[in-house]
1. Exactly one condition in (1) basic (Lys, Arg); (2) part of a helix (DSSP H, G or I); (3) touching a Gly at 6+ places or on another chain (Cβ under 8 Å) is false for Arg469; which is it?
2. Take the range 416-455 and flag every residue that is of a type in the set (Gly, Ala, Ser) and more than 30 Å from Phe498 (Cβ to Cβ).
3. Where in the range 148-238 are there strands (runs of 3 or more DSSP E), lying fully within it, with 3 or more residues that are surrounded by fewer than 24 Cβ atoms within 10 Å (Cβ to Cβ) and on the phi < 0 side of the Ramachandran plot?
4. Out of Ala492, Ala446, report the one residue that is modelled with pLDDT of 95 or more and more than 24 Å from Ile175 (Cα to Cα).
5. For the range 233-259, give me the residue count where each residue is within 19 Å of Trp353 (Cβ to Cβ) and among the aromatic types (Phe, Trp, Tyr).
6. Return the residues of the range 401-427 that are among the hydrophobic types (A, V, I, L, M, F, W, C), in a loop (DSSP other than H, G, I, E, B) and closer than 24 Å to Phe213 by Cβ; say none if nothing qualifies.
7. Which of the residues spanning the range 297-331 are at pLDDT 90 or above and surrounded by fewer than 19 Cβ atoms within 10 Å (Cβ to Cβ)?
8. Scan the range 171-192 and tell me whether some residue there is in contact (Cβ under 8 Å) with a residue 40 or more places away in the chain and more than 25 Å from Asp416 (Cα to Cα).
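The values are calculated or read from the model by the stated rules, or taken from the named source; none is laboratory data. Computed from a prediction, not measured in an experiment: that's the story for all the values here. Glycine gets a Cβ as well: all are built from the backbone with ideal geometry, and neighbour counts include every protein chain shown.
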Amino acid sequence: MELNKVLYMYAGIVALLLCSAVNFIQSPSDVFGPVALLEPTPSAARDFGAVVSEAPIAVMQPGSPAEIARLLGELSSAAGPGSRAAVAARGAGHSLHGQAQARAGIVVETRALPRLVEVVRRGDGDGGGDAYADVGGGALWVEVLEECLRAGLAPRSWTDYLYLTVGGTLSNGGISGQAFKHGPQISNVLQLEVVTGTGEVVTCSPTQSPELFFAVLGGLGQFGIITRARIPLQVAPPKVRWARAFYDSFETFTKDQELLVSMPELVDYVEGFMVLNQQSLHSSSVAFPAPVNFSPDFGSDDGSSKVVYYCIEFAVHDFQQQDSTAADHVVDLVSGKLSYLRPHAYSVEVAYWDFLNRVRMEEESLRSRGLWDVPHPWLNLFVPRHGVARFKDLLMDTVTQGDFEGLVLVYPLLTDRWDGNTSAVVPASPDGVMYVFSVLRSTDPARCGRACVEGILEQHRRVADEACRRLGAKQYLARQPSRAHWREHFGAAAWDRFVARKARFDPMHVLGPGQGIFSWTDSASPV
């Protein structure tokens, strides 16, 4: 868009907000308080992926859901696309491909919302009774954890990295090693408060406005902005027994992972990763507080060989304040059923907080090496079980082991833990098992410039297209390149439902421009 057109649109929006009957700039005594659009900030055009930068025309830092509602209400009722601006909700800015950006639109920074975490406990017992937490959509999961632990409680399902907002992960899925047991974070929500694209503030649940509730969960920000969530809680263990075991066979590695997820009564967390080089082994061990005496031979120094190792990690909750023999016994029992490389299995006792916050140590390590605020051309896929070996080979054809900086996570999830009513998409898997493949790559600008990053992204696009077309895989956290790709991603029935939900909750297509799913020309005519 030309600069004068951007400035003209910006002036028009500001005039609309200043002169409308709603009167956005009001006195402090007004019940909703003053609302103002601010000049764009550099962060509003930047995210963790650092491969897309699209500047908005304004930023909003709302003090309440009502302020967001008034903004969206005004924009959705404007006369036409020329007098409207798209709106993107931005939490911690951890998206990868500009999903939380709004080119020539408005970014709503949800971290400005009240981030109160209120823990309510109405029962007792090992499961936490009827305990839940009411949390602001802009709260970080680490803030939720801190407050819940004060009451001896915690949510059941997590992400690996806790410095993400509640609204952000619930708009996508939210996965970690607990998801095989409890499902993703979007399967662990009791109630939401949502501001729809038409400016309505709605409290919804599986029984109250259920269509909106399920639409928003995994809905990629297309139907509303999550301003509050009610999360069920369980009793938090004071400690965790964290174990790792190494493999030189992918088949044995995945077989043992599937054995572990078949034992939810014993095991509380299961993940795994590929050990591509010494750097990936070191990086993955930063937070593991025990010596790992594993020195594999990766082959030639130039990284041309394809000698790859694998690591399973699992955890067992330890509820004993003093004696940990029960957890130790479970780890020994479970380990005895696995076929890892003898003697390369290790376990350590860690505080529950330290275990859940383990990626923070990896972040600090990357920051110290200048590899945190760099481009991250990541690739995340859900691959049905029948295609995992073929996908691993396909992926390895694009990876040069010697200079790979980062992790490749590989671990199984169970599809029946995902509620089909939500907007999230998972692959069809007849045996109910799918695998997460997360290529979490950091690129050193001194060695990998813009052209290099673009080359990696193109490789990932080819790998993803091949996996989706031939193996039935589904991308996660991706921005598809075209409307046709989005239709293929959802499949016919889910796409029709997604479009119908958009027409109902955001008919003017005000929300979520950064996903690239809908355009202004597709929006309904104003009534």
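1. Single failed check for Arg469: (3).
2. Answer for the range 416-455, where residues must be of a type in the set (Gly, Ala, Ser) and more than 30 Å from Phe498 (Cβ to Cβ): Ser442, Ala446, Gly449, Ala451, Gly455.
3. Because the criterion is at least 3 residues that are surrounded by fewer than 24 Cβ atoms within 10 Å (Cβ to Cβ) and on the phi < 0 side of the Ramachandran plot, the strands (runs of 3 or more DSSP E) in the range 148-238 that meet it are 201-204, 224-235.
4. The match here is Ala492.
5. First, the residues of the range 233-259 that are within 19 Å of Trp353 (Cβ to Cβ): 233-243.
After this cut, where a residue has to be among the aromatic types (Phe, Trp, Tyr) as well, the list is 242.
Residues in the range 233-259 being within 19 Å of Trp353 (Cβ to Cβ) and among the aromatic types (Phe, Trp, Tyr): 1 in total.
6. Trp418, Ala424, Val425, Val426
7. Once the filter is applied, which keeps residues that are at pLDDT 90 or above and surrounded by fewer than 19 Cβ atoms within 10 Å (Cβ to Cβ), the range 297-331 yields Phe319, Ala326, Asp328, His329.
8. Among the residues of the range 171-192, not one is in contact (Cβ under 8 Å) with a residue 40 or more places away in the chain and more than 25 Å from Asp416 (Cα to Cα), which makes the answer no.
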